[in-house]
Amino acid sequence: MTVVVPPGVRQRTVAKARTLLEALPYMREHYGHTVVVKLGGSAMTDPKLAERLAEDVALLRLAGVRPVLVHGGGPQVTAMAERLGLPTRFVGGHRVTDAETLEIAKLVLVGGVNKTVTEALNRHGVPAVGLCGDDGHVLLARKRLGAGGEDLGFVGEVTSVNTGLLRHLMEVAVPVIASIATDGRGQSYNVNADLVASAVAGALSASKLVLMTDVPGVMQDGELVSELSVDEAEGLIAAGTATGGMIPKLEAVVEAMRHGVERAHIVDGRVEHALILELFTPEGMGTMVTRGEAPRGEGATQ
Ligand SMILES: Nc1ncnc2c1ncn2[C@@H]1O[C@H](COP(=O)(O)OP(=O)(O)OP(=O)(O)O)[C@@H](O)[C@H]1O
Ligand SMILES: [Mg+2]
């Protein structure tokens with residue numbers, strides 16, 4: 001029996017198949033690789049976006065990528081601090097964290113944001129397990145001073161990542177890490193989530209670090225900078241082009257590159273399916289940071 005497919009239907013179905021097949025080289029490139037994705041607090045305030053992200057992570061995992069999620073939650077911590085009448089102060093993109101602010105950050109990030117992300121992933125069929133530094137000492141940290149030597153309170157920097165635990169976990173689930181670390185002796189530290197993601201990516205020898213935020217990427221004179229080398233990223237901090245939360249973000253990508261991560265991307269988490277667009281299409285979103293050797297577009301190998 002001959003089946004006659006109307007030409008319009010055939011065109012549509014062929015176009016769909018082509019779209020899927022266009023992703024093939026990118027799937028091949030990322031298959032079996034670890035990709036660390038950091039979700040910015042601002043990009044997580046919209047519940048619809050959290051759903052889209054969960055779909056993207058489900059697709060990544062089924063395509064053989066090994067995703068690890070790290071999240072911040074700046075706006076959520078600030079909102080809770082305001083409700084409790086505590087002032088918020090940032091120095092060089094780091095939240096000045098006294099004992100009360102630390103308690104709030106831990107409650108909001110570990111008890112709130114972490115569970116929201118983990119729950120959405122599980123509902124989309126992705127087994128996901130939420131962690132903070134205390135869980136299996138996944139993130140050990142020590143106190144970090146501001147760039148000018150200021151005392152920022154309980155702001156930490158990651159000194160070690162329990163990669164053994166993460167690797168075991170990644171066999172069966174997606175780790176979702178909140179940016180609260182511990183000194184291993186009962187003191188917690190609030191660590192900028194970009195720097196946590198960078199430390200995790202470096203420790204796991206991830207091929208990619210994707211920082212999802214609430215701007216299109218790194219902006220300079222009102223324009224998106226689509227590509228940056230490590231030196232240029234450092235230059236933007238020194239020149240004062242990157243301020244506030246963009247300072248630790250650029251430090252994070254520079255550190256990740258120094259620890260062997262091949263590519264880092266700063267992308268707009270407010271765009272639906274930004275993660276899939278970045279990883280599986282030639283479009284390339286936001287700002288890509290390279291060690292300085294490869295131009296955009298050379299990423300996909302056939
Ligand atoms: N040159 C720049 N280009 C783009 N954004 C910049 C620049 N300089 C400063 N910024 C600021 O950096 C912000 C992003 O960092 P921010 O810490 O606020 O968010 P996040 O890191 O995505 O979320 P969270 O801190 O909750 O993890 C932008 O909203 C913007 O205001
Ligand atoms: Mg930030």
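The values are calculated or read from the model by the stated rules, or taken from the named source; none is laboratory data. This is a predicted model, so every value here is computed, not measured. Cβ coordinates were reconstructed from backbone atoms using ideal geometry, including for glycine residues, and neighbour counts include every protein chain displayed. Ligands, DNA and RNA are excluded from the accessible area calculation, which covers all protein heavy atoms including side chains. Shrake-Rupley method; radii C 1.70, N 1.55, O 1.52, S 1.80 Å.
Answer yes or no as to whether Leu139 is modelled with pLDDT of 95 or more and farther than 24 Å from Gly92 by Cα.
So Leu139 does not fit the description; no.
Sort out which residues of the range 156-166 are outside any strand (DSSP E or B), of a type outside the set (Gly, Ala, Ser) and open to solvent by 30 Å² or more (accessible area, probe 1.4 Å), and write them in order of number.
If the condition is that a residue be outside any strand (DSSP E or B), of a type outside the set (Gly, Ala, Ser) and open to solvent by 30 Å² or more (accessible area, probe 1.4 Å), then Asn162, Thr163, Leu165 are the ones that fit.
Would you mind stating whether Val37 is of a type in the set (Val, Ile, Thr), touching a residue at least 40 places away in the same chain (Cβ under 8 Å) and crowded, with 18+ Cβ neighbours inside 10 Å?
Spelling it out, Val37 is indeed of a type in the set (Val, Ile, Thr), touching a residue at least 40 places away in the same chain (Cβ under 8 Å) and crowded, with 18+ Cβ neighbours inside 10 Å.
Would you check which residues across the range 80-116 are within 15 Å of ligand 2 (Cβ to nearest atom) and free of Cβ contacts under 8 Å to residues at least 60 places away in the same chain and list them?
Listed by number, the residues that qualify are Thr88, Arg89, Val96, Val108.
Kindly indicate which of Leu145, Leu195 is more than 20 Å from the chain's Cα centre (by Cα), among the aliphatic types (A, V, I, L, M) and within 23 Å of Thr97 (Cβ to Cβ).
Matching residue, one of Leu145, Leu195: Leu145.
Here is a check on your reading of the model: is Leu59 touching a residue at least 12 places away in the same chain (Cβ under 8 Å) and either open to solvent by 80 Å² or more (accessible area, probe 1.4 Å) or touching a helix residue (DSSP H, G or I) at 6+ places or on another chain (Cβ under 7 Å) (or both)?
On the way: touching a residue at least 12 places away in the same chain (Cβ under 8 Å): yes; either open to solvent by 80 Å² or more (accessible area, probe 1.4 Å) or touching a helix residue (DSSP H, G or I) at 6+ places or on another chain (Cβ under 7 Å) (or both): yes.
Considered against the rule, which asks whether it is touching a residue at least 12 places away in the same chain (Cβ under 8 Å) and either open to solvent by 80 Å² or more (accessible area, probe 1.4 Å) or touching a helix residue (DSSP H, G or I) at 6+ places or on another chain (Cβ under 7 Å) (or both), Leu59 comes out as yes.
From (1) more than 9 Å from ligand 1 (Cβ to nearest atom); (2) farther than 27 Å from Gly136 by Cβ; (3) in contact with a strand residue (DSSP E or B) (Cβ under 6 Å, 6 or more places away or on another chain), pick out the condition that doesn't hold for Val225.
It fails just one condition, (1).
Going by the conditions given, is Arg296 open to solvent by 70 Å² or more (accessible area, probe 1.4 Å), at pLDDT 90 or above, within 24 Å of Ser205 (Cβ to Cβ) and not β-branched (Val, Ile, Thr)? Step through it out loud before you land on a result.
Numbers: open to solvent by 70 Å² or more (accessible area, probe 1.4 Å): yes; at pLDDT 90 or above: no; within 24 Å of Ser205 (Cβ to Cβ): yes; not β-branched (Val, Ile, Thr): yes.
Criteria not met by Arg296.
Tell me which residues, restricted to the range 228-256, are near ligand 1 (Cβ under 9 Å from one of its atoms), farther than 22 Å from Val96 by Cβ and open to solvent by 20 Å² or more (accessible area, probe 1.4 Å).
Correct list: Thr241 only.
Could you identify the single residue in Leu211, Leu275 that is open to solvent by less than 10 Å² (accessible area, probe 1.4 Å), at pLDDT below 95 and touching a strand residue (DSSP E or B) at 6+ places or on another chain (Cβ under 8 Å)? Please lay out each step first, then the result.
Details: Leu211 fails: at pLDDT below 95.
Being open to solvent by less than 10 Å² (accessible area, probe 1.4 Å), at pLDDT below 95 and touching a strand residue (DSSP E or B) at 6+ places or on another chain (Cβ under 8 Å) holds for just one of Leu211, Leu275, which is Leu275.
Filtering the range 65-122 down to residues that are open to solvent by 50 Å² or more (accessible area, probe 1.4 Å) and in contact with a helix residue (DSSP H, G or I) (Cβ under 8 Å, 6 or more places away or on another chain), which residue is nearest to Ala181 (Cα to Cα)?
Only one residue fits best here, namely Leu107.
Determine whether the range 13-26 contains at least one residue that is in contact with a helix residue (DSSP H, G or I) (Cβ under 8 Å, 6 or more places away or on another chain) and either in a helix (DSSP H, G or I) or of a type outside the set (D, E, K, R) (or both).
Looking through the range 13-26, at least one residue is in contact with a helix residue (DSSP H, G or I) (Cβ under 8 Å, 6 or more places away or on another chain) and either in a helix (DSSP H, G or I) or of a type outside the set (D, E, K, R) (or both).
Could you tell me which of the residues Ala181, Ala193 is without any contact (Cβ under 8 Å) to a residue 60 or more places away in the chain, within 16 Å of ligand 2 (Cβ to nearest atom) and crowded, with 24+ Cβ neighbours inside 10 Å? Before you say what the answer is, go through the steps one by one.
On the way: Ala193 fails: without any contact (Cβ under 8 Å) to a residue 60 or more places away in the chain.
From the options Ala181, Ala193, the qualifying one is Ala181.
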